[in-house]
Amino acid sequence: LPPGAYQYLEGKLADYLTEVPPFAPEVGGTVSIPSQVDGHVDTRQIMDVGIMNGNLPAPLMALDEDDEFFLTLTNVGMIMRPDLFEQHTVHFHGYPNASSFYDGVPDASVAINIAASFTYYYLAPDAGSYFWHCHITPPEHLQMGMVGQLYVRPRQNRVPVGTSLYSARGAQDLDLRTACVSANDILCSNPLPAASNTVARASTGNYAYNDGDGSTYYDRDYPLQIHGFDPNFHFVGMTFNPEGFADMKDKYFLLNGRSYPDTVTPGPLQTASADGANHFSQPLPSIINIPAGQRALLRISNLDVSEYQTLASLGVPMQVVGYNAKLLRDQAGNNLYYTTNSITLGGGESLDVILDTCLARPTVAGGTTPDYTSCPPTGAVSNTLPKGTYYLYTPNLDHLSNDAENFGGLMTEVRVN
Amino acid sequence: MSTPIHQATSMKRLLPCVVAGAALWLTTAGHAAAPGISDTTGTAGTFNLTASPASITQPDGQAVYSWGYGCTVGSTPNFVPTSITTTPTCTTMQIPGPTLIVTEGQTVTVTLTNNLPTAAGNTSILFPGFTLTSTCPAGQQGLLTCEAPPGGSVTYTFTASTPGTRAYYSGTQGDLQVEMGLYGAIIVLPNTVPVGCAAPGTIPTGSPTDPLSVKNLAAEAFHGEADFRLAGSAYDHPRTCYDREYLFQFSEMDPNIHSQALAQVNAANCTAGSNTCRLEVPTEPYHPTYFMINGRSMPDLMDTNYAVQYPHQPYNGNPHMHPGELTLLRIIGQGRWQHPFHEHGNHVRILARDGNLILSSPVPTDPNLAGPLLFTTTTTPGQAMDGIFYWTGKGLNWDIYAHNPLSTQPATAPVHAACNPDANGYNTDDPTAINYFEWCQDHNKPLQVAPFGDVPSGGPATLPDPNLFTNGAWFGGSPYLGPDATVRAVGPTGTTPPSGTIANPPTSEAGLAFMWHSHNEREITTNNIFPGGMLMMMLVDSREFLIDESN
């Protein structure tokens, strides 16, 4: 093994064993999402109107594998429904080998009363695109918007630039805390690749999983959370009337809490709250910016509570590399990625899609694996997708609307520039 | 308040009471297994079934007129697994229909008698995934398969060619007949026991060199648990060994269709020469209000198999397991909708779809599985899947087992609360240990900043004052697994005031409860009442707690 391959791992584990935050700086770094988030999700806020932090989606949580994660939830009650004594919780959806105590299911643990705070404790689990939501009366609290995004970035991002990813992945098997071997564990999802390779940690970008072959490389990542609102249900709840569940019928279809064209409005949206002042309500636009020739990872989740939702890509092929926060790889180490033009998710599902704007990749030095960091022309012919605006939209055509208004709903733009 | 409170709202506000009521029912609740029948005649694989009407019950008190398959009057069903000792039943009508359990290579013969109301017309059964070898009598061939006329019968014969879980359901006017309840499951067991798996009934000795699945069975046997498996493996493949199994069939029900069917049955004139002996029940628009697993809604779902209060809904959904046990989930979509079934606690490795094992290559001896790992297993109408789930608590960074030298061991076991990691990091060298299958990398790592009973201090978290929170009916009383750790940490009542929970008591079970439910969340309601519908609690129980699936 190259010396760095194991050291990075040891150092990382030592971090949490001795509780020494923070963590090694990211190599390369992802520019898009942190900058989107930092400007307008104020983590000092507490829930002030009715959804988590008064934001839809709720605050985004991006962790690195092996991080210790403390999350304190305070229940401040609701200005608009002072008659309700609703508890709230956080369910970290998909956490492998979860403890029921921190799983957020009120029946199986404790639920947080108004005026109380509770701190959840997790060790960031296996890399992947998860999500989180309240688990009190889920058909109501999820419909009302208590949903958020959560993903975990792999150890592979911390491999020193130039170090073999295959060796670094192999080093993880030397420690029981990070090992993943198909023969030993039927729930191991990212065994060593079937064949060795010469791919090294790139100087740019990041990886979706501990793939060991660089195949989940991306330049930018975008979380996209699908959601639906039934305005009748919300109105009924707001006006002190009884809510029905069976006839729930969503009329607004949301990506990151917004419907088209708001999905392509830069910056946060704000709305007037019960205190008469404007507050940020929907922090995340869903504009997918990809420099021509680069790759974007879409972390797509669906938290609609009534229907399956389909999202299609017009013009840029979708390569599905992960499903339900797990790398798509068989026990022999073969990648089971597939290319498609649409994906369909039920409530409580997530997947990882790569949009690649390069039509033909060169291979890495000394190997046959594609080099995802480079997209040179072939002779005088460019290999990049033509610059311009492409679309992500739902082919559930009745979901391309904002209630009675046509031309809206579950749609956003992919801007290749 | 002048406005009458609607049922849904009032039930929601009364939720703690509702859940407490469910918990009371559960004091005698048994666990689940995958019960069924191997024949009705004394000849394995030969079944005499009847389709007939009856009412099924739902937890909101409604009785819903339905049609279902059952055992023909006078038949003598053999029930499996035989370790289910509660008096099993197979009435003339049940939903889902009897689970037919046969062995790979067996000839299966199903004779169906049509005792539906005459106005309902013909009925039939489809067995997708099998090739019928029976011939159809003249005049009985329907659109999709051979049919039984009112009062008549039809016989289907096929070879159970490959192992796996599959659906069966009516092939006649399915939009109505499947909605009314004419569906069930057929399980084909492999005819070999793969290397590393143990056949049911063979009690392994638990040598340290045994495969893990075998050691798990040795631990079960040491603690006096019966073996409730149907077979040693799900398929003829060594990576499909399992230690427990559960069958879940998902369906939904629009009660308006059922009441219209009943009204038309009652109004039909089936005397000779009448032209009104027929049903014209509209099945669209479709507004289901009941969302069921195994024909029951929560909380009825978690009651025992064959409970007398549900004579036409014999199968439950109440999974339990110990840490590390490979638990086989047989999941079928019946009805007409998809349901995103979310398993809290861990992922599921999908082994197969509709009885087709998913391997890395088409070679049947390929050692590697290729099915996905899912935390939400979407059910699709007519489609079955098999998957393996387990829970170990690996990677939490605190000792959820919380055993120490003070831990109470079973009387016959050596005192042993150390953690000796095997090649995978689990304590599996001694199947009699109270902390068998503990994840050793976190052994003795405290959770709490402060001391917690005799659990030491120095951890990352501060646990809350339980009086400030609402405690769930399935909260075992502490963050820890099992009564030993819970009682040592917080005393005999757990942290649940005033005297502990009934569904999962601190002193006897104190398991870790996980909700398994549809994540199209409106489906965890029963006729607009929350909680209900497609929802059950799965419990991971400490090794010393005896999981009894005999009822």
| task | Filter the range A:314-334 down to residues that are surrounded by fewer than 22 Cβ atoms within 10 Å (Cβ to Cβ) and in a loop (DSSP other than H, G, I, E, B) and give me whichever is farthest from the other protein chains (Cβ to nearest Cβ). | result | A:Gly315
| Any chance the range B:356-367 includes a residue that's within 26 Å of B:Phe514 (Cα to Cα), at pLDDT 90 or above and either in contact with a Phe, Trp or Tyr (Cβ under 9 Å, 6 or more places away or on another chain) or within 11 Å of another protein chain (Cβ to nearest Cβ) (or both)? | no
| Got a sec? Which of A:Ser167, A:Ser117 is open to solvent by 10 Å² or more (accessible area, probe 1.4 Å) and farther than 26 Å from B:Ala473 by Cα? | A:Ser167
| note | Taking the range A:368-417 and keeping only residues that are among the acidic types (Asp, Glu) and under 30 Å from A:Ala202 (Cβ atoms), one is left with A:Asp371, A:Glu413
| note | Per the filter on the range B:284-309, residues in contact (Cβ under 8 Å) with a residue 24 or more places away in the chain, buried (at least 18 other Cβ atoms within 10 Å of the Cβ) and assigned to a loop (DSSP other than H, G, I, E, B) are B:Pro288, B:Thr289, B:Asn294, B:Gly295, B:Ser297, B:Met298, B:Pro299, B:Asp303, B:Thr304, B:Asn305, B:Tyr306
| task | Go through the range B:86-135 residue by residue and tally those that are assigned to a loop (DSSP other than H, G, I, E, B) and over 16 Å from B:Ala54 (Cα atoms). | result | 19
| For residues in the range B:318-348 being within 10 Å of chain A (Cβ to nearest Cβ) and in contact with a Lys or Arg (Cβ under 9 Å, 6 or more places away or on another chain), which is farthest from A:Tyr337 (Cα to Cα)? | B:Pro323
| note | Subset of the range A:51-101, residues at pLDDT 95 or above, under 24 Å from B:Asn520 (Cα atoms) and not in a loop (DSSP other than H, G, I, E, B), comes to A:His91, A:Phe92, A:His93
| query | Taking A:Leu311 and the conditions (1) open to solvent by 10 Å² or more (accessible area, probe 1.4 Å); (2) touching a residue at least 24 places away in the same chain (Cβ under 8 Å); (3) out of contact with any Gly (no Cβ under 7 Å at 6 or more places or on another chain), which numbered condition does it fall short on, given that it satisfies the others? | reply | (1)
| message | Given the condition open to solvent by 40 Å² or more (accessible area, probe 1.4 Å), within 12 Å of chain A (Cβ to nearest Cβ), farther than 24 Å from B:Met537 by Cα and not acidic (Asp, Glu), answer yes or no: does some residue in the range B:470-486 qualify? | response | no
| note | Of the residues in the range A:380-403, those that are of a type in the set (A, V, I, L, M, F, W, C), in contact (Cβ under 8 Å) with a residue 12 or more places away in the chain and under 22 Å from A:His227 (Cα atoms) come to A:Leu392, A:Leu400
| How many residues are in a loop (DSSP other than H, G, I, E, B) and more than 35 Å from the chain's Cα centre (by Cα) if we restrict to the range B:254-279? | 11
| remark: By residue number, the members of the range B:328-377 that are touching an Asp or Glu at 6+ places or on another chain (Cβ under 9 Å), surrounded by 24 or more Cβ atoms within 10 Å (Cβ to Cβ) and of a type in the set (Val, Ile, Thr) are B:Ile331, B:Thr376, B:Thr377
| request: Answer with yes or no whether A:Ala168 is over 23 Å from A:Ala332 (Cβ atoms) and outside any strand (DSSP E or B). | output: no
| query | What tally of residues in the range B:102-148 results from selecting those that are more than 22 Å from B:Ala261 (Cβ to Cβ), open to solvent by 20 Å² or more (accessible area, probe 1.4 Å) and within 31 Å of the chain's Cα centre (by Cα)? | reply | 12
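The values are calculated or read from the model by the stated rules, or taken from the named source; none is laboratory data. Predicted model only: the values in this text are computed from it and were never measured. Neighbour counts run over all protein chains shown; Cβ positions are idealised from the backbone, glycine included. In case anyone asks, the SASA skips ligands and DNA or RNA and just uses the protein heavy atoms, side chains included. Shrake-Rupley method; radii C 1.70, N 1.55, O 1.52, S 1.80 Å.
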